[in-house]
Amino acid sequence: MDLDIEKLQNDMALVDLLTRPKRGGSLTEILLKNLQPLQMRMEQDKNHKMPHLHVSYGRNNHAASYSIENGQRIVGQLDNKYDKVVNNWIFSNQKQLMQIWGEIQNGDDKAYKLSIGEL
C-alpha cells in the first residue's frame, strides 16, 4: 500500500507558501514551508454510493470530501487553492483508493485501518 500522503501534505504546504500574502517593507523575508496536519479517511457508508474520501487539513476537521472517481470536490470548506493538488493525488492513487473503498463498503475493518493516513 503506497498511498503517498506525505507528498500530498508537502504539495499542500507548497500551495500555502506560494499563496500567502506578501509583507510590505524593506525587510528580507525568508519563506519556509509549514507542514500542516493532514488526514485522509474513508468510512463504511451505505447511504452514499459514490466512492469518496474525507480530507482534514490544518485546523479544519472534515474540511472537504472528494470523489475518487473523478477527483472533484463534492462538498466542503477547504480553500479552493488545494483542489488541484488533491485532484492530482487522487488520480495518482485512484486504483488503490477504489480498492480500499470497495473493501470498506464490504465491511473489511482491516482495509479501513489501512486507509487512514494521518501525519
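No value in this document is a laboratory result; all are computed from the given coordinates. All values reported here derive from a predicted model rather than from experimental measurement. Cβ coordinates were reconstructed from backbone atoms using ideal geometry, including for glycine residues, and neighbour counts include every protein chain displayed.
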## Note on the structure
Sorted on mean Cβ neighbours within 10 Å (highest first), peptides 67-76, 97-106 come out as 97-106, 67-76
### Inverse of mean 1/r across different Cα pairs in the stretch 31-99, Kirkwood, Å
12.6
### Summary
Residues whose built amide H sits under 5 Å from the amide H of I74, excluding neighbours closer than 5 in sequence, are S65, Y66, S67
### Message
If each residue of separation counts as 0.36 nm, what is the full-extension length gain between L14 and Q36 once their alpha-carbon separation is subtracted?
### Response
6.8 nm
## Note on the structure
Any residue on another chain or 5+ positions along whose placed amide H is under 5 Å from the amide H of K33 is listed here as none
### Task
Would you mind getting me the FRET efficiency between N61 and D4? Use the beta-carbon distance for r and R0 = 30 Å, nearest 0.05.
0.85
### Query
What list of ³J(HN,Hα) couplings, whole Hz, do you get for the stretch 61-74 from phi and the Karplus terms 6.51, -1.76, 1.60, once you set θ to phi - 60° and write x for glycine and proline?
7, 6, 5, 6, 10, 10, 5, 7, 5, 10, x, 7, 5, 8
### Task
List, in the order given, every pair from K33/K81; K7/K49; K33/K95; K49/K84; K49/K81 whose Cα-Cα distance in the structure shown is over 20 Å.
K7/K49; K33/K95; K49/K84; K49/K81
